[in-house]
Amino acid sequence: MTPAEHKVLHGIGVSAGTAAAPAAIVTAAPGVDIHEAGSVDAEADGARIREALASVQADLKERQERAPEESKPILKAAAQLAGDRGLAKAIDKKLKKGLGLTQSVHDAVEEYAKMLEALGGYMAERVTDLYDIRDRAIAAIRGLPAPGVPDFEGEVIIVARDLAPAETATLSPDSVKGIITEVGGPTSHTAILAAQLGIPAIVKAEGILSVESGQLVALDGGVGEVIISPISEEVELLAERSRRRAQALAGSTGEGATYDGYKVKLLANIGTADDAARAATHDLEGAGLFRTEFLFLERNDAPTLEEQTDTYTKVLEAFGQRRVVVRTLDAGADKPLSFADLGPEENPALGRRGLRLCQIREDLIDTQLEALAAAYRKTSADLWVMAPMVSTLEEAKWFADKARGVGLPKVGIMIEVPAAAIRAGQLLDVVDFASIGTNDLTQYTMAADRLDGELAPLLNTWQPAVLQMIKFACEGGRSTGKSIGVCGEAGGDPLLALVLTGLGVGSLSMAPAKVNAVRAALRMHDLATCQQMAAFAVDAPSAEDAREAVLKLVNPTMLDLV
Ligand code: PEP
Ligand code: MG
């Protein structure tokens, strides 16, 4: 390697940890065959394409078998998409118009993707899966090797433009020491999966595609730094950092608390009964956010009372006596429901979503609350139930009356809207607790679409305006003596967790894989330091200054965790 190849790139660190290994470059997609003839026998060509899609589906199912437990649902969803009848029909239409085989697949997928993108949020995230299926199908039709992760031996760092969830899900942390992508954002599936798998990862590392297969690459997923052709001292420094991180995490067990014993419950964010079963095996104190809408998405009708009771019972049983905070249906905007479609909206994120939708479709919330009450009666769970997207006192009351009416013991609201943060004291008067959804609270405070990667600097919970909102909410908690938690992504950031604790939050809910680092960070600091950090961060002139101010106050060992 010549020194000229040595290069440092900066991206967004999405999964902490360091590594150095040869690059394994993901094979690019083959694209449309520009020499292909148009279709003259749409039926026969349709059959060929279905065959290709079936082989893609079989491959995805086979990967699902091999994948780690937590990755299986994602592969299952991708396999289902490959067998989607609507997609096959859309392709038939293109063939009938006389387009060639690969062009038909390409154009039909393009239209389908636009439709999903227009739906936004969860649906829009499926687009990466869809493009992956397109590329695999086109490769199969053209008789070319499947695009994606190449076969490799030993340890590697995967380098790609973007990684489909299907690809990420099958990567084993034993051999894949890191993931670096040229595009992607912090909430992309790849980022979430990498963190779940515990593989250090960086997204949006522009320029990474200049590396060649086998070239040595190093990364620090905590700070988002990539070193192409690192010198041995750099590799050693990173390895040292890894060792220190492992050491800092080693003793991280038990209840969440600051150095001087101020307790902060550490909870898991979950979306399914399977998630609950997995999360419950971790050393954590319960679930702080069960996103129940995952039971409702991609269905043509609402799950029945029995179905819901069954799922909620499983979730509650998984956690035994531990706390489980269930969020009622948060549909609309980025999580549209086909059976509760209220028609197009100009600004869905500002529209009839969350509790607002349930006030229109009362049947949905009534059945859900009844199912939760039935599950509660069957178990000994510490069940807390809260509503999303609450803005007014009337909404909080409306929900509390309903939930208490069916016998639910602990009723709360999410604080995701500035209106609720500012008036938290009044809102908390009529409920038992509140949980701050920092993802939406950041989006609405900064008026920045949380799905728009270009707005990343605004979509940063370190923005002092957002921290000020959280402070308002915590003051409401203090004045009413009611519990306030955080269940947005911010809760899983060890540094922000200190600030949130200093602001007065009593629980933090996050991806289970993040609990250890947050617990270790809390243990290293006393409450007074957290409060000082919070004061400095809220008063800082910018998000960067807020973070810098906090970094100056941390225990130096903590730097290995961020
Ligand atoms: C949030 O908004 O922070 C939150 C936890 O809810 P979701 O991410 O599901 O909108
Ligand atoms: Mg939210």
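Tabulate in residue order the Karplus-calculated ³J(HN,Hα) for the stretch 27-41, using 6.51 cos²θ - 1.76 cosθ + 1.60 with θ = phi - 60°, rounded to whole Hz; enter x for Gly and Pro.
Computed from phi, the couplings for the stretch 27-41 are 4, 6, 5, x, x, 5, 7, 6, 9, 6, 7, x, 6, 10, 10 Hz.
Taking the convex hull of the Cα atoms, report for the stretch 429-562 its projected area averaged over all directions, in nm². Let's see the in-between values first.
Details: hull surface 32.6 nm².
Average of the hull's projected areas for the stretch 429-562 equals 8.1 nm².
Check which residues have an amide H placed less than 5 Å from Trp384's amide H, if you skip close sequence neighbours.
Those qualifying (amide H under 5 Å, at least 5 residues apart or on another chain) are Val324, Val325, Val326.
P(r) for the stretch 52-107: what percent of alpha-carbon pairs falls in each 10 Å bin, starting at zero?
Histogram of Cα-Cα distances, whole percents per bin: 25, 40, 24, 10, 1.
Only loop residues by DSSP count here, and only those with at most 15 other Cβ atoms within 10 Å; note down the GluC sites (Glu not before Pro) in the stretch 309-387 that meet that.
In loop regions of the stretch 309-387 (DSSP not H, G, I, E or B), the sparsely surrounded GluC sites (Glu not before Pro) are Glu345, Glu346.
In what sequence, highest mean first, do 55-63, 303-311, 132-140 appear when ranked by Cβ atoms within 10 angstrom?
132-140, 55-63, 303-311
When N is the residue count of the stretch 16-78, what does its C-alpha Rg come to as a fraction of 2.2 N^0.38 Å?
Relative to the 2.2 N^0.38 Å estimate, the stretch 16-78 comes out at 1.67.
Starting from the Cα coordinates of the stretch 210-291, work out the convex hull volume and express it per residue in Å³.
So the per-residue hull volume is 172 Å³.
Convert each backbone phi in the stretch 53-65 into a coupling constant with the Karplus relation 6.51 cos²θ - 1.76 cosθ + 1.60 (shift: θ = phi - 60°), then list the ³J(HN,Hα) values in order as whole Hz, x for Gly and Pro.
Using θ = phi - 60°, the values come out as 5, 5, 5, 5, 4, 4, 5, 5, 5, 5, 4, 4, 4 Hz.
What does the charge count near Ile158 come to, summing +1 for each Lys or Arg and -1 for each Asp or Glu among other residues with Cβ under 13 Å from its Cβ?
Counting the neighbours of Ile158, the net charge comes to -3.
Can you tally the net charge around Leu559? Count Lys and Arg as +1, Asp and Glu as -1, for every other residue whose Cβ sits under 10 Å from the Cβ of Leu559.
Local charge sum for Leu559: +2.
Antiparallel as a % of all DSSP beta bridges within the chain, to the nearest 5?
Percent antiparallel among DSSP bridges in the chain is about 30.
Whole angstrom only: what separates the Cα centroid of the stretch 333-379 from the Cα centroid of the stretch 1-74?
35 Å
What ³J(HN,Hα) values, in whole Hz, does the Karplus curve 6.51 cos²θ - 1.76 cosθ + 1.60 give for the stretch 518-529 when θ = phi - 60°, with x put for Gly and Pro?
5, 4, 4, 4, 4, 4, 7, 10, 8, 4, 4, 5
Can you spot the lysines whose alpha carbon is less than 19 Å from Lys402's alpha carbon? Ignore those fewer than 8 places along the same chain.
Lys410
How large is Rg/Rh for the stretch 146-273, to two decimals, with Cα atoms and a Kirkwood Rh? Let's see the in-between values first.
Details: Rg = 16.8 Å, Rh = 16.5 Å.
Here the Rg-to-Rh quotient is 1.02.
Can you count the Lys pairs in the stretch 40-178 whose Cα atoms are under 18 Å apart, with each pair 8 or more apart or on different chains?
6
Tell me, what is the per residue accessible area of the stretch 1-116 in Å², probe radius 1.4 Å?
53 Å²
For the chain, list log₁₀ I(q)/I(0) at each q in 0.08, 0.10 Å⁻¹, using the Debye formula over Cα point scatterers of equal strength and ignoring solvent, two decimals each.
Here log10 of I(q) over I(0) equals -0.56, -0.87.
The values are calculated or read from the model by the stated rules, or taken from the named source; none is laboratory data. Not measured: the values here are computed from a predicted model. Neighbour counts are summed over all protein chains in view; Cβ atoms, including those assigned to glycine, are modelled from backbone coordinates with ideal geometry. For the accessible areas, the whole protein counts, side chains as well, though only heavy atoms, and no ligand, DNA or RNA atoms are used. Shrake-Rupley method; radii C 1.70, N 1.55, O 1.52, S 1.80 Å.
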